[in-house]
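The values are calculated or read from the model by the stated rules, or taken from the named source; none is laboratory data. Owing to the predicted nature of the structure, the values given are computational and were not obtained by experimental measurement. Note that each Cβ is placed from the backbone with ideal geometry, even for glycine, and that neighbours are counted across all protein chains shown.
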Amino acid sequence: MGGYGSGDWYRWNTKATVESHYEIDIRWMKKQGYLHPGSAATLSWGSHGAKYNSIGLRVETDRLVLNYHNQQNGGAWERIEDEIFFTWIPCNYGGNRQWFLCPGCNRRVAIVYGGKYYRCRHCHNLTYSSQRESKPDRLIRKAQKIRVRLGVRRNLLVPILFKPKNMHQKTFDRLRREADDAINLWCTIIWRQRQASLARLREGLFSTSTARG
Ligand SMILES: [Zn+2]
């Protein structure tokens with residue numbers, strides 16, 4: 001399971017990518033044999049051997065009960081007990097397939113994602129990062145598209161100096177500015193991303209020691 005124990009925690013703007021959240025996949029639970037009523041397990045997430053957080057799972061006949069501690073914005077740790085009901089849908093090839101019913105929207109889902117509460121990706125407003133080009137990539141592509149239009153090499157280190165013959169000066173100035181802005185924004189985002197990544201690492205180490213103490 002890619003979501004467990006992976007080391008990528010940073011998030012983009014307010015729309016976090018799925019990979020940066022703790023997740024519980026009902027198919028994974030089934031494979032592990034955790035879906036039988038009465039079974040209980042503790043899931044831990046961490047990175048590079050450091051344990052960040054753990055969550056207690058208990059399966060009852062019609063629901064999954066979650067027990068964990070949540071810390072919001074560096075505040076006090078709050079103990080949370082939550083439950084997610086199951087629903088069963090007959091499969092085409094026979095038998096029933098078990099799903100979660102998201103407590104937030106009653107959607108039938110296979111995966112719930114952490115935050116303060118475990119909910120489906122719609123409730124968390126998550127997007128799959130693989131389904132969209134990341135913002136930095138888009139900026140680079142934008143800058144390169146402009147360069148092609150201006151007849152300049154794609155290499156971003158080559159300055160844009162000359163206006164194509166049949167282009168208005170105004171258009172040229174605007175396009176050159178747009179290309180510059182895209183690259184400047186790209187630099188800012190990459191820098192922020194590194195900072196966020198470092199901050200999460202620090203936060204993770206801090207949480208671990210708090211949880212033990
Ligand atoms: Zn939902």
Could you say whether any residue in segment 165-184 is in contact with a Cys (Cβ under 9 Å, 6 or more places away or on another chain) and modelled with pLDDT under 85?
-> no
If we keep just the residues of segment 101-116 that are assigned to a loop (DSSP other than H, G, I, E, B) and touching a residue at least 24 places away in the same chain (Cβ under 8 Å), which is surrounded by the fewest Cβ atoms within 10 Å (Cβ to Cβ)?
-> Lys116
Is it true that some residue in segment 135-154 is assigned to a loop (DSSP other than H, G, I, E, B), within 16 Å of the ligand (Cβ to nearest atom) and at pLDDT below 80?
-> no
In segment 86-93, is there at least one residue being hydroxyl-bearing (Ser, Thr, Tyr) and modelled with pLDDT under 85?
-> yes
Out of segment 117-134, which residues are within 13 Å of the ligand (Cβ to nearest atom) and either surrounded by 13 or more Cβ atoms within 10 Å (Cβ to Cβ) or at pLDDT 80 or above (or both)?
-> Tyr117, Tyr118, Arg119, Cys120, Arg121, His122, Cys123, His124, Leu126
State the number of residues belonging to segment 61-100 that are more than 20 Å from Ala41 (Cα to Cα) and either part of a loop (DSSP other than H, G, I, E, B) or within 14 Å of the ligand (Cβ to nearest atom) (or both).
-> 11
